[in-house]
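Below you'll find the structure, written out as structure tokens, and then a few comments.
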Amino acid sequence: MNFVESRNLEFEYIKYDDETDKKTSVKALRGVDIDVAKGEFVAVLGRNGSGKSTFAKLINGLNTPSGGTLYVRGLDASREENIWDIRQNVGMVFQNPDNQIIATIVEEDIAFGPENLGMEPSQIVKNVDMALKAVSMEEYRNAAPAYLSGGQKQRIAIAGILAMRPECIILDEPTAMLDPQGRKEVMDTVTMLNKEEGITIILITHYMEEAALADRIVVMNEGRVAMQGTPVEIFTRVDEMRSLHLDVPQITELAHIIHGKKPDFPKDILNIEEFMDAFKYMGFDKDFSYRGKSTHIKYNRPILEVKDLTHIYGRETAFEKVAIKNVNMTVGKGDFIGLIGHTGSGKSTLIQHLNALVKGDEGSVYFEGKDIFEDKAGLKFIRQKIGLVFQYPEYQIFETTIYDEVAYGPRNCGLSEDDIAVRVKEALEFVGIDESMYKKSPFDLSGGQKRRVAIAGVLAMRPEILILDEPMAGLDPYGRDEILLNIKKMHDDLGITVILVSHSMEDIATIADKIIVMNKGSIAMYDTVDNVFKEPDRLSAMGLNAPQLTLLFKRLREETGLDVPINIYDVKEAAEILISALR
């Protein structure tokens with residue numbers, strides 16, 4: 001029996017042109033045929049704007065089809081009288097938890113859905129307990145959501161849906177803001193609900209490792225279904241996935257490259273366990289050794305220093321929480337630092353102190369040797385020199401045109417229009433926004449383009465330090481790589497000091513020089529990329545992990561005795577080493 005059945009499904013929305021005052025219809029879905037069986041786990045992949053979220057909202061009755069047919073639980077989703085029944089049985093977790101949380105206490109927020117479904121109070125209590133445990137948030141039962149990190153809020157949003165015990169759960173990028181351990185816990189929960197309780201799961205994700213857990217994958221492109229099949233069937237079509245601006249798991253790509261040189265090596269590999277089995281079966285040269293690469297870190301003069309910094313939220317209230325405690329760190333001019341840590345470890349709180357958005361309860365922050373709060377009149381100068389791009393940079397956007405958005409900062413610094421024009425052009429060119437788009441509304445841009453505009457708005461201030469808080473979250477692989485390349489180019493070409501917050505260990509490994517690891521409000525590690533990632537067990541104990549390739553090469557050293565390095569983060573380099581080691 002199919003839980004979801006769509007035939008030639010279409011959806012279009014109305015778009016207004018501010019310049020011409022005309023409206024046009026834009027098709028988001030074009031003839032979509034997708035069936036989801038009751039109890040099936042289906043992952044939906046596609047680049048930003050491909051129609052994934054639109055399809056999900058139609059299933060949940062948030063939108064109404066403009067063409068074709070859609071049946072959910074056998075009910076016609078285009079008929080208004082069926083919407084209540086559909087929504088009772090189809091729960092949806094949105095991309096941004098702030099759009100979903102409404103209560104002032106965590107357990108009250110989780111209980112909101114079951115209460116509105118008319119559940120018995122005793123059952124509500126049981127469901128809330130189950131949901132909190134499922135997302136590992138029991139200790140935050142009585143906390144205020146406003147004081148939680150973005151990742152913790154997302155766990156609460158997921159718990160709110162779990163407590164309703166729907167027949168189907170749709171998850172739209174639910175783990176985008178979670179640390180590696182948090183992602184694993186959520187996916188373990190989702191898989192358990194599907195396998196043990198028969199709940200139908202529809203997962204929208206940009207994490208290929210999550211999609212590999214599904215029974216089936218649907219790949220969408222430009223409002224249409226481009227591919228369907230099992231994870232092995234989809235991910236072994238590496239070139240087709242690349243043509244759609246999507247990724248495959250690193251391990252699958254590695255196997256694909258090796259298979260091209262050694263056809264006996266299987267390419268239908270989705271995880272480290274399968275790779276290890278194939279590698280051992282193929283046979284290898286036990287005397288093989290690889291000299292490895294040497295890394296040279298240049299120690300630059302200090303530009304930013306943090307001394308004994310402590311910040312407490314809700315001080316002397318029932319919600320008092322120590323966010324960061326006795327933090328000490330020095331950032332050199334021209335450094336590229338990756339900032340990682342479990343959700344709630346204090347990353348976002350720390351970076352808000354660095355450009356004086358928040359003042360610590362204790363301790364100090366120094367820029368170029370001067371306390372940033374010593375002279376309140378100088379805060380404007382500090383915020384020009386230390387630019388911060390927030391977790392959802394598109395929420396920084398508010399002007400009516402791209403030009404005015406980027407010009408806002410320089411204009412408020414009192415620069416002449418000629419100087420402003422130079423800075424705007426310079427910043428937008430750097431992030432790849434063409435001059436022909438200057439008069440367009442930034443709200444009409446894709447997610448990746450909005451982020452580039454937000455970054456350009458900070459760049460136009462010509463900062464010496466650029467701080468980015470999860471700028472790639474929720475972006476497809478193409479958009480993620482685009483943003484990463486822009487950030488790297490800013491660092492290399494402009495000499496800007498960069499502090500990048502991310503939950504992607506693979507991204508941090510390939511772009512940063514040093515890593516700061518935060519744990520429970522304090523700095524647990526501050527070292528080179530290689531020195532941090534060579535301790536995966538220590539990272540795992542803090543809710544983190546090393547990159548997938550590092551974990552694989554560590555297993556190879558331990559289980560085969562091969563003299564291979566573990567500081568390998570590039571798939572092509574990894575393939576070259578292993579091809580040489582295989583017989």
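The values are calculated or read from the model by the stated rules, or taken from the named source; none is laboratory data. Just so we're clear, the structure is a prediction, and the values are computed from it rather than from any experiment. Here Cβ is always computed from backbone atoms with ideal geometry, including for glycine, and neighbour counts include all displayed protein chains. Protein only, heavy atoms only, side chains kept; ligands, DNA and RNA dropped before computing areas. Shrake-Rupley method; radii C 1.70, N 1.55, O 1.52, S 1.80 Å.
Restricting the stretch 126-141 to residues that are free of Cβ contacts under 8 Å to residues at least 40 places away in the same chain and either of a type in the set (Val, Ile, Thr) or assigned to a loop (DSSP other than H, G, I, E, B) (or both) leaves a set whose member that is most open to solvent (accessible area, probe 1.4 Å) is Arg141.
Of the residues making up the stretch 444-472, those that are of a type in the set (A, V, I, L, M, F, W, C) and open to solvent by 10 Å² or more (accessible area, probe 1.4 Å) are Leu445, Val458, Leu459, Met461, Met472. Let me spell it out: the conditions are (1) more than 25 Å from the chain's Cα centre (by Cα); (2) open to solvent by 10 Å² or more (accessible area, probe 1.4 Å); (3) in contact (Cβ under 8 Å) with a residue 60 or more places away in the chain, and Leu388 meets all of them except one. Which number is the exception? Every listed condition holds for Leu388 apart from (1). In the set (1) touching a residue at least 40 places away in the same chain (Cβ under 8 Å); (2) under 30 Å from Leu9 (Cα atoms); (3) acidic (Asp, Glu); (4) open to solvent by 30 Å² or more (accessible area, probe 1.4 Å), the condition left unmet by Asp285 is number (2).
Identify all residues within the stretch 255-282 that are surrounded by fewer than 22 Cβ atoms within 10 Å (Cβ to Cβ), assigned to a helix (DSSP H, G or I) and touching a Leu at 6+ places or on another chain (Cβ under 8 Å); write none if there are none. Matches in the stretch 255-282: Ile272, Met276, Met282. Residues satisfying the criterion are present in the stretch 139-147 (criterion: of a type in the set (D, E, K, R) and modelled with pLDDT of 85 or more). Please tell me if Ser50 is buried (at least 22 other Cβ atoms within 10 Å of the Cβ), among the polar types (S, T, N, Q) and under 23 Å from Gln449 (Cα atoms). Against the criterion (buried (at least 22 other Cβ atoms within 10 Å of the Cβ), among the polar types (S, T, N, Q) and under 23 Å from Gln449 (Cα atoms)), Ser50 qualifies. The one condition from (1) among the charged types (D, E, K, R); (2) under 19 Å from Val453 (Cβ atoms); (3) not in a helix (DSSP H, G or I) that Glu374 does not meet is (2). Sub-9 Å Cβ pairs linking a first residue in the stretch 144-166 that is closer than 13 Å to Lys133 by Cα to a second residue that is modelled with pLDDT of 90 or more and polar (S, T, N, Q), at least 6 apart or interchain, are Leu162/Asn127; Ala163/Asn127, ordered by first then second residue. Within the stretch 303-316, the set of residues being modelled with pLDDT under 95 and open to solvent by 70 Å² or more (accessible area, probe 1.4 Å) comprises Arg315, Glu316. Could we say that Gly118 is of a type outside the set (S, T, N, Q) and open to solvent by 30 Å² or more (accessible area, probe 1.4 Å) here? In short, yes.
Selection of the stretch 229-242 for residues being without any contact (Cβ under 8 Å) to a residue 24 or more places away in the chain and either charged (D, E, K, R) or open to solvent by 50 Å² or more (accessible area, probe 1.4 Å) (or both) yields Thr230, Glu233, Arg237, Asp239, Glu240, Arg242. The set of residues in the stretch 360-384 being under 13 Å from Lys307 (Cα atoms) and of a type outside the set (A, V, I, L, M, F, W, C) consists of Gly360, Asp361, Glu362, Gly363, Ser364, Tyr366, Gly369, Lys370, Asp371. Filter the stretch 317-366 down to the residues that are of a type in the set (Ser, Thr, Tyr) and assigned to a loop (DSSP other than H, G, I, E, B), then identify the one that is surrounded by the most Cβ atoms within 10 Å (Cβ to Cβ). For the stretch 317-366, the residue satisfying everything is Ser345.
Number of residues in the stretch 386-433 that are aliphatic (A, V, I, L, M) and closer than 23 Å to Val501 by Cβ: the value is 7. Tallying residues that are more than 25 Å from Tyr403 (Cβ to Cβ) and open to solvent by 10 Å² or more (accessible area, probe 1.4 Å) within the stretch 474-496 yields 9.
Only one of the numbered conditions (1) farther than 30 Å from Ile382 by Cβ; (2) modelled with pLDDT under 95 is violated by Ile257, and that is (2).
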